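Reading through the structure tokens given below for one structure.
The values are calculated or read from the model by the stated rules, or taken from the named source; none is laboratory data. All values reported here derive from a predicted model rather than from experimental measurement. Positions of Cβ are backbone-derived with ideal geometry, glycine not excepted, and every protein chain shown enters the neighbour counts. Just the protein is used for accessible areas: all its heavy atoms, side chains included, with ligands, DNA and RNA removed. Shrake-Rupley method; radii C 1.70, N 1.55, O 1.52, S 1.80 Å.
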Amino acid sequence: MNVEALARPEIVAMRPYSSARTEAPGEGVLLNANEAPWSLLAGSEWEARLNRYPDPQPRELVRRLADLYSVPADQVLVTRGSDEGIDLLTRVFCRAGQDAILQIPPTFGMYKIAAQSQGAAIVSVPRSAEDGFRLREQDVLDALRADDRIRLVFLTSPNNPTGDVIREGFLEKLLEQARGRAIVVVDEAYAEFCRRPSASDWVGRYPQLVVLRTLSKAWAAAGLRCGVVLAQPELLALLRRVIAPYPLPSPVTALALRMLQDDVLERQRQLLRDLEVNKQTLLAVLEERPFVTELVPGEANFVLVRAERAAELLVFCANRGVILRGFPADPLLRGYIRISVGSAQDIEMLAAVLDDWENQP
């Protein structure tokens, strides 16, 4: 399969911007990038080199992320969070006024925003609200078959905010149907919280498959804005044509490498164990509440609840310092609240506030 045939012709034809650091390594007497000759800081190694542009794709970070996700290094593109990966894919594969994305709401809102920004149409196959927001697999397959405009299919596994995961059998059917027609994007921002195999294992088999990962969630590094696009090299080459010349600042690269050291890896595993315990505590706090009419536990670090007077409850909690997530603009999620799994102390405070809500005169 030739993925270039699915990309915008002008992207295929364009020559990517060639930065000074791309054309020559950052070594020797550097007089090619209009940089200052020295840094104003002199602490760590990266501070001493702040006057220099960073490597566009830091080789050591790429190598460590490839090891982490069990893929070859040439299948890794580092981005400013997975949001940038979504934006790059939409810019490369969607022509304004001609192409479309397929999304499965309720889901992560950035797929729709990226499509709207690009002038692409949005085909939605809503989940079954009457059945715990179950994904309607056959409806998704039928929608892709029926609409030749669709160039990107966005799946989230586990999904945000419903927490459900994509079945391997369904993903295989979708990939086969998308062959030569569309790119299938599996957003695995929350993959570490579930015990399902990653779709990254399939990247080598399917040139039409893209997997998005991030250090923001399970790695407790949301402030780094470090994301990863996993795909075959031919597809990544298209994204490289439109990505910013230096997507990751030097401090981010240094901190991301620190996150992937062995001692932090062990702390990360302990974090996942602790959050699993805390999630069970959170579910227990919510299960017996009379105002909770539906509880969707999912397989991520959050739960989704349907509550009576949800809008008032959100304000009540916020006024007491407990901030939850509502969805007033999404008709599928009216009356629902997403609650992240916090620390034991966070959950205790939430429980106390919910007790106050219940015991109002």
| task | Please find, in a Gaussian network model of the chain (springs between Cα atoms separated by less than 10 Å), the residue of Val186, Val12, Val264 whose mean-square fluctuation is greatest. | result | Val264
| task | Compute the acute angle (0 to 90°) between the alpha-carbon long axis of helix 310-319 and the principal axis of greatest extent of the alpha-carbon atoms of the chain; round to the nearest 10°. | result | 70
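Just the accessible area per residue of the chain, please: how many Å² with a 1.4 Å probe?
Details: 17100 Å² over 361 residues.
I get 47 Å² per residue for the chain.
How far, in nm, would the chain grow between Gln270 and Ala311 when pulled straight, counting 0.36 nm per residue and subtracting the alpha carbon separation? Mind showing how you got there, number by number?
Working: separation 41, 0.36 × 41 = 14.76 nm, distance 3.50 nm.
Taking 0.36 nm per residue and subtracting the Cα distance, the gain is 11.3 nm.
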| Taking the Cα centre of the chain as the origin and placing charges on Cβ (Lys, Arg +1; Asp, Glu -1), which of Val264, Pro9, Val303 is farthest toward the positive end of the dipole? | Pro9
| task | Would you work out which of Pro290, Phe327, Ala351 lies farthest towards the positive end of the dipole of segment 203-361? Charges go on Cβ: Lys and Arg +1, Asp and Glu -1. | result | Phe327
| query | Which translational diffusion coefficient, to the nearest whole µm²/s, is obtained for segment 1-118 from the Stokes-Einstein equation, given a Kirkwood hydrodynamic radius over C-alpha pairs, 37 °C and 0.692 mPa s? | reply | 186
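Which percentage, to the nearest 5, of the DSSP beta bridges contained in the chain is antiparallel?
In the chain, DSSP labels about 55 percent of beta bridges as antiparallel.
Let's see if you can work this out: charge +1 on each Lys and Arg Cβ, -1 on each Asp and Glu Cβ, no other charges. What is the dipole magnitude of segment 18-95 about its Cα centre, in debye to the nearest 20? Intermediate results must be reported in sequence, preceding the final value.
Numbers: 9 positive and 12 negative charges, 35 e Å.
So the magnitude is around 180 debye.
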| task | Could you look at the chain and say what percent of its accessible area is carbon and sulfur, using a 1.4 Å probe and all protein chains? | result | 51
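Where Rh denotes the Kirkwood radius from the mean inverse Cα pair distance, what is Rg over Rh for segment 224-361?
On the way: Rg = 20.0 Å, Rh = 18.1 Å.
Here Rg/Rh amounts to 1.10.
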| Can you give the accessible area of Phe108, probe radius 1.4 Å, in Å² rounded to 10? | 60
| request: Choose one answer from Gln98, Gln345, Gln268: the residue with the largest mean-square fluctuation in a GNM of the chain with alpha-carbon springs under 10 Å. | output: Gln345
| Comparing Gln138, Gln208, Gln118, which has the greatest mean-square fluctuation in the GNM of the chain with Cα pairs linked when under 10 Å apart? | Gln138
| task | Specify which residue in the list Leu239, Gly81, Phe133 is farthest towards the positive end of the charge dipole of the chain, using unit charges on the beta carbon of Lys, Arg (+1) and Asp, Glu (-1), about the Cα centre. | result | Leu239
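Taking N as the number of residues in segment 60-189, what is its alpha-carbon radius of gyration divided by 2.2 N^0.38 Å?
On the way: Rg = 14.9 Å, N = 130, 2.2 N^0.38 = 14.0 Å.
Rounded to two decimals, the normalised Rg is 1.07.
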| said: Can you give me the Kirkwood hydrodynamic radius for segment 63-135, using every pair of distinct Cα atoms, in Å to one decimal? | reply: 14.1
| Points 7 angstrom from Cα along the Cβ direction at Lys173 and Leu257: gap in nanometres? | 4.7
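Once the convex hull of the alpha carbons of segment 155-248 is built, what does its volume come to per residue, in cubic angstrom?
Numbers: hull volume 10.4 nm³, N = 94.
Output value, Cα hull per residue: 111 Å³.
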| note | Taking Cα atoms, the helix 137-146 axis meets the longest principal axis of the chain at an angle in degrees (rounded to 10) of 50
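Calculate the dipole size of segment 73-160 relative to its Cα centre from +1 charges on Lys and Arg beta carbons and -1 charges on Asp and Glu beta carbons; express the result in debye to the nearest 20. Before the final figure, lay out each step's value.
Numbers: 10 positive and 12 negative charges, 36 e Å.
The dipole magnitude comes to about 180 debye.
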| note | Of every Cα-Cα pair in segment 201-247, the percentage lying beyond 15 Å is 54
| said: Tell me the accessible surface of Val277 in square angstrom (1.4 angstrom probe, heavy atoms of protein chains only), to the nearest ten. | reply: 90
| At 0.890 mPa s and 25 °C, Stokes D of segment 101-176 from Kirkwood alpha-carbon radius, µm² per second | 193
| Acute angle (nearest 10 degrees) that the helix 81-93 long axis makes with the longest principal axis of the chain, alpha-carbon atoms | 70
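Suppose every Lys and Arg Cβ carries +1 and every Asp and Glu Cβ carries -1, with no other charges. What dipole size does the chain come out with about its Cα centre, to the nearest 20 debye? Working shown, then result.
On the way: 42 positive and 48 negative charges, 181 e Å.
The dipole of the chain has a size of about 860 debye.
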| task | Take the alpha-carbon centre of segment 284-350, take the same for segment 70-100, and report the distance between them in whole Å. | result | 32
